[in-house]
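The values are calculated or read from the model by the stated rules, or taken from the named source; none is laboratory data. None of these values were measured; they are calculated from a predicted model. We place every Cβ from the backbone using ideal geometry, glycine too, and count neighbours over all the protein chains shown.
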Amino acid sequence: MFSTNAAADKILAFDEISEITHMRGLCIHWAGGDARAGLAYYKVRQERWYRRRTAFEKLWKRGRSLLYGAVNSGNLGVYAHGGFCLVVEDPTRLPKAEWALFPGNSAKRYATLAGKPRTAKAVKEATAWKDRAEMAIVKLGSSIETTHPAGWPELICRKSDFIEVAQIGGIPISAITEIRVGAANWKKLMDGVARKRRKLPLDAGTAMDVKAADAIIGWGVKIVRVP
């Protein structure tokens, strides 16, 4: 499976755009369609990663339109990037799917702090989706044998280490199989939904999460609680 994580603000933007899109596209959307202002905002949001991310993306045709995610076998994905984990069961069935896999964070792995690309390494390690199992075996090595199968999802994809998936262009909302939420966020979300129904006040963060959940329900996509 492929997954990409998002916070509530991204979910609401995807809903407005009617597509799961890349970060530059989101920033331009948030800037009211003003490309210059949106790209300036993108640079601010990327912070220390801007040079490295830009250097990596310059290696590829249409690299500025890359959407990032990870190989996922059943958990919450790279949840540092957002509490909503959007899952695509079989990305090979997407129209015009153009995917590449890398054995880690591409900005960190293939560019220096100064923004100098490690071109040969990136080209050598780029892997097709169909070869994801082989990449996992090479990357994880003996840790696969010493880890119980129940722990494989966390071994394959966790907060700080994952097999990155880069997709050129956006993903249709209709392709999302499910959206996963962790137990703590699920409780907070359900409490927020209950308070909204009773017309009780919500803090800003919870109000946005509830609004995002409403948008997801409108997509016809199920929200799944993951322990």
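Key figures
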{"read-out": "Residue ID - surrounded by the most Cβ atoms within 10 Å (Cβ to Cβ), chosen from residues in region 86-122 that are among the aliphatic types (A, V, I, L, M) and closer than 16 Å to Thr54 by Cα", "value": "Ala111"}
{"read-out": "In region 172-207, residue farthest from Gly83 (Cα to Cα) [restricted to those that are among the aliphatic types (A, V, I, L, M) and touching an Asp or Glu at 6+ places or on another chain (Cβ under 7 Å)]", "value": "Ile173"}
{"read-out": "Positions within region 136-156 being free of Cβ contacts under 8 Å to residues at least 60 places away in the same chain and either closer than 21 Å to Ala97 by Cβ or among the charged types (D, E, K, R) (or both), in sequence order", "value": "Lys139, Glu145"}
{"read-out": "Region 165-180, subset of a type in the set (Gly, Ala, Ser) and under 15 Å from Asp15 (Cα atoms), residue surrounded by the fewest Cβ atoms within 10 Å (Cβ to Cβ)", "value": "Ser174"}
{"read-out": "Test: residue in region 11-25 that is crowded, with 21+ Cβ neighbours inside 10 Å, in contact with a Pro (Cβ under 8 Å, 6 or more places away or on another chain) and among the hydrophobic types (A, V, I, L, M, F, W, C)", "value": "yes"}
{"read-out": "Qualifying helices (runs of 4 or more DSSP H) (wholly inside region 66-182; at least 3 residues being over 20 Å from Thr4 (Cβ atoms) and not hydroxyl-bearing (Ser, Thr, Tyr))", "value": "119-125, 132-140"}
{"read-out": "Residue count for region 71-110, restricted to those that are farther than 22 Å from Trp219 by Cα and among the small types (Gly, Ala, Ser)", "value": "6"}
{"read-out": "Residue match in region 69-85 (condition: farther than 21 Å from Lys159 by Cα and buried (at least 19 other Cβ atoms within 10 Å of the Cβ))", "value": "no"}
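Residue by residue, here is whether (1) more than 21 Å from Ser18 (Cα to Cα); (2) modelled with pLDDT under 95; (3) outside any helix (DSSP H, G or I); (4) among the small types (Gly, Ala, Ser) holds:
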{"residue": "Asn185", "(1), (2), (3), (4)": "yes, yes, no, no"}
{"residue": "Val193", "(1), (2), (3), (4)": "yes, yes, no, no"}
{"residue": "Asp209", "(1), (2), (3), (4)": "no, no, no, no"}
{"residue": "Ala212", "(1), (2), (3), (4)": "no, no, no, yes"}
{"residue": "Gly218", "(1), (2), (3), (4)": "no, no, no, yes"}
{"residue": "Ile223", "(1), (2), (3), (4)": "no, no, yes, no"}
